[in-house]
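Below is one structure, written out as structure tokens; the observations come after it.
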Amino acid sequence: MYRAGVVTRKIDIGDVVSKVFDLYFRYAAVLLPVEAALFLIEAAFRLLGLASTPLALVAGVVALILSTVYTGMVVRLVDDVRDGRLDQSPGDLARSVGPVLLSLIAVSILAGLGIAIGLLLLIIPGLILVTLWAVVAPVTVLERPGVLAVFSRSRELVRGNGWQV
């Protein structure tokens, strides 16, 4: 199991944004076709969902699953390319999300609900939760600590970098 250390240096926002764009451009040939395929599947279900409420619910569930798979794939890709090269195929990346898919969905739902409630409570609590839980998806995929432990681990990783996050 992968266990990252606590970030001990301040995060340079410009450096992070630069690295994000660099990764997306460098691996666009992997990410864009997968994203397009998932979007087309989701769009087909959304169109079917226009016909009836039950189909709309199915479309919503499919959209949640597909977006979660894509999030997990991106996390895996970033972890894989830390050595400078991509070792996994898009299929490998997608399959690697399988073991954590339900946890990642649960974490996404819980974080979304917590942040939404926080935003309703005068906005500031929601912004605090967005910051504290900024890395729940990568922690879920890479460290697999369990659904509830993810939130405290994310807070631990963000500690000392709240303003930058």
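The values are calculated or read from the model by the stated rules, or taken from the named source; none is laboratory data. Owing to the predicted nature of the structure, the values given are computational and were not obtained by experimental measurement. Cβ coordinates were reconstructed from backbone atoms using ideal geometry, including for glycine residues, and neighbour counts include every protein chain displayed. Remember, those area values only see protein heavy atoms, side chains included, never the ligands or the DNA or RNA. Shrake-Rupley method; radii C 1.70, N 1.55, O 1.52, S 1.80 Å.
Among (1) assigned to a helix (DSSP H, G or I); (2) farther than 22 Å from residue 27 by Cα; (3) within 16 Å of the chain's Cα centre (by Cα), where does residue 165 come up short?
(1)
Looking at the stretch 82-115, which of its residues are acidic (Asp, Glu) and in a loop (DSSP other than H, G, I, E, B)? If you could, list the steps in order and put the result at the bottom.
Of the stretch 82-115, the ones acidic (Asp, Glu) are 83, 87, 92.
Passing the criteria: only 87.
For the stretch 118-131, enumerate the residues that are open to solvent by 40 Å² or more (accessible area, probe 1.4 Å), β-branched (Val, Ile, Thr) and at negative phi.
124, 128, 130
Of everything in the stretch 89-117 that's open to solvent by less than 50 Å² (accessible area, probe 1.4 Å) and of a type in the set (S, T, N, Q), which residue is nearest to residue 140 (Cα to Cα)?
Filtering the stretch 89-117 for residues that are open to solvent by less than 50 Å² (accessible area, probe 1.4 Å) and of a type in the set (S, T, N, Q), the one nearest to residue 140 (Cα to Cα) comes out as 103.
Filter the stretch 6-28 down to the residues that are part of a helix (DSSP H, G or I) and surrounded by fewer than 11 Cβ atoms within 10 Å (Cβ to Cβ) and list them by number.
Within the stretch 6-28, the first condition is being part of a helix (DSSP H, G or I), and the residues that meet it are 13-26, 28.
Correct list: 14, 15, 17, 21, 22, 25.
Return the residue satisfying two criteria in turn: it lies in the stretch 39-54 and is open to solvent by 100 Å² or more (accessible area, probe 1.4 Å) and either under 19 Å from residue 69 (Cβ atoms) or among the charged types (D, E, K, R) (or both), and of such residues it is modelled with the highest pLDDT.
For the stretch 39-54, the residue satisfying everything is 40.
So which of 106, 111, 137 ends up being of a type outside the set (Val, Ile, Thr), within 21 Å of residue 24 (Cβ to Cβ) and within 13 Å of the chain's Cα centre (by Cα)?
Numbers: 106 fails: within 21 Å of residue 24 (Cβ to Cβ); 111 fails: within 21 Å of residue 24 (Cβ to Cβ).
The conditions single out 137.
Would you mind stating whether residue 118 is part of a helix (DSSP H, G or I) and in contact with a helix residue (DSSP H, G or I) (Cβ under 9 Å, 6 or more places away or on another chain)?
Working: part of a helix (DSSP H, G or I): yes; in contact with a helix residue (DSSP H, G or I) (Cβ under 9 Å, 6 or more places away or on another chain): yes.
Criteria met by residue 118.
Of the residues 57, 23, which is in contact (Cβ under 8 Å) with a residue 40 or more places away in the chain and either under 21 Å from residue 71 (Cα atoms) or aliphatic (A, V, I, L, M) (or both)? Walk me through it before giving the result.
Working: 57 fails: in contact (Cβ under 8 Å) with a residue 40 or more places away in the chain.
Of 57, 23, the one residue that is in contact (Cβ under 8 Å) with a residue 40 or more places away in the chain and either under 21 Å from residue 71 (Cα atoms) or aliphatic (A, V, I, L, M) (or both) is 23.
Here are 51, 59: which of them is in a loop (DSSP other than H, G, I, E, B) and either hydrophobic (A, V, I, L, M, F, W, C) or closer than 30 Å to residue 153 by Cα (or both)? Outline the logic, then answer.
Numbers: 59 fails: in a loop (DSSP other than H, G, I, E, B).
It is 51.
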